[in-house]
Amino acid sequence: MVPVTVTPIEGWNPDQYERFAAERRQPFDDLRALCAPVPGGKVVDLGCGTGNLTVELHQDMQAATTVGVDSSEAMLERAQADHGDEPGVSFVCGDIATWLGEGLDLVFANASLHWVDDHLNLLARMRTALGTGGQLAFQVPANFRHPSHVLARQVANEAPFFEALDEDVPQDRGRFVLSPEIYADLLYELGARKQVVRMEVYGHELSSTADVVEWVMGTLLTPYRTRLSPELFGAFVERYRELLLEELGDREPYFYGFRRILCWARFN
Ligand SMILES: C[S@@+](CC[C@H](N)C(=O)[O-])C[C@H]1O[C@@H](n2cnc3c(N)ncnc32)[C@H](O)[C@@H]1O
C-alpha cells in the first residue's frame with residue numbers, strides 16, 4: 001500500500017477532549033503499567049495533547065527528562081500553561097510523521113499514532129530513537145467499524161458537506177491502524193527482546209447515546225471542524241447526531257464499547 005502524506009490537523013479543542021478524561025485515561029493507565037520505570041532516563045511522549053498524562057508518565061517513570069511532542073498549537077498552549085514549570089518536562093511542536101529521536105529510554109504514544117499513516121516505517125523510526133534496553137509503548141484505537149465512526153464518513157459523503165469538503169473526505173484513520181498480530185510481527189522484526197501486544201475493549205457507561213457525539217467531537221470530528229465553516233460544522237454535527245440516535249437508539253445510559261490495541265516492547 002502506498003503511504004499517504006497526511007498534514008497534521010489543527011482544530012483540536014482541549015476542553016472538548018478533556019470532557020471524557022476519566023474514560024480516556026484508562027488505556028493510558030494500562031499502557032503505562034506495561035512500562036518499566038527508567039530512573040534518571042529520557043522519555044518522549046508523542047502526541048502529548050494537554051500534557052496532563054505526560055506529567056504523570058514522567059513522574060511514574062522517574063525520568064530525568066520527558067519531552068511532550070504535539071502538532072496542535074491549542075493543545076501545546078494548554079500543556080505549557082498547566083505544566084510548563086514541571087521540572088524535567090518540556091513541550092515542543094513537532095509532527096509524529098517526521099519525528100526523529102536518539103538515545104531515548106522510552107518512546108510513548110497514547111491515542112496519537114492513528115493520525116499518521118505508514119506504521120511500518122513509523123515504528124522503525126521510533127525504534128531507532130531508542131538506546132540500549134529502550135522501550136517502545138503505544139496505544140491506538142481500533143474502533144473504526146463502530147457506527148460512531150462509520151456514520152461520520154457517511155455524513156461527509158452527503159450534500160452539502162461533500163461539496164464543502166471539496167469532494168475530498170478526511171482520511172479513514174482505520175486504514176492506518178494495523179492488526180495486533182502485525183504489530184507483534186513488526187516489533188519482533190525490529191528486534192524486540194520482549195513484547196506485549198493486546199486488544200482490549202474498554203466499556204464506557206455514558207449518560208446517554210447523545211454523549212457519543214460529545215465524545216467524537218473531541219477527536220474524530222476534529223478534521224471536519226477544521227475544514228467546514230462553523231455553520232456547516234454545526235449542521236454536520238446535527239445530521240450526525242440524527243443518524244447516530246437512529247442507529248444506536250436514544251438510550252440512557254449508553255454503553256460505549258471501544259476497542260483499542262496496546263503494544264509494548266523492549267529492545268537490546
Ligand atoms: C487523542 S489526543 C491524545 C493526547 C494524549 N496522548 C492523551 O492520551 O491524552 C491525540 C493528540 O495527538 C496529536 N496529534 C495528531 N496528529 C499529530 C501529528 N501528526 N504529530 C504530532 N501530534 C499529533 C493531536 O494534536 C492530539 O493532541
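Read the figures in this text as sums done on the coordinates, not as results from a lab. All values derive from a computational prediction rather than experimental measurement. Positions of Cβ are backbone-derived with ideal geometry, glycine not excepted, and every protein chain shown enters the neighbour counts.
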- Note on the structure: Exactly one of V69, V44 is within 8 Å of the ligand (Cβ to nearest atom), touching a Gly at 6+ places or on another chain (Cβ under 6 Å) and at negative phi, and that one is V69
- Query: Within segment 18-33, is even one residue more than 8 Å from the ligand (Cβ to nearest atom), in contact (Cβ under 8 Å) with a residue 12 or more places away in the chain and part of a loop (DSSP other than H, G, I, E, B)?
  - Reply: yes
- Item | Residue among L46, L76, L104 that is hydrophobic (A, V, I, L, M, F, W, C), out of contact with any helix residue (DSSP H, G or I) (no Cβ under 8 Å at 6 or more places or on another chain) and within 23 Å of Q16 (Cβ to Cβ) | L76
- Query: Can you tell me which residues in segment 201-220 are surrounded by 15 or more Cβ atoms within 10 Å (Cβ to Cβ) and within 18 Å of the chain's Cα centre (by Cα)?
  - Reply: Y202, H204, V212, V213, E214, W215, V216, M217, G218, T219, L220
- When segment 226-239 is checked residue by residue, the ones that are surrounded by 18 or more Cβ atoms within 10 Å (Cβ to Cβ) and within 15 Å of Q171 (Cβ to Cβ) are R227
- Query: Could you give every pair whose Cβ atoms fall below 8 Å, whose first residue belongs to segment 132-143 and is touching a residue at least 60 places away in the same chain (Cβ under 8 Å), and whose second residue is among the acidic types (D, E), counting only separations of at least 6 or pairs across chains?
  - Reply: G133/D105; G134/D105; Q135/D105; Q139/D30
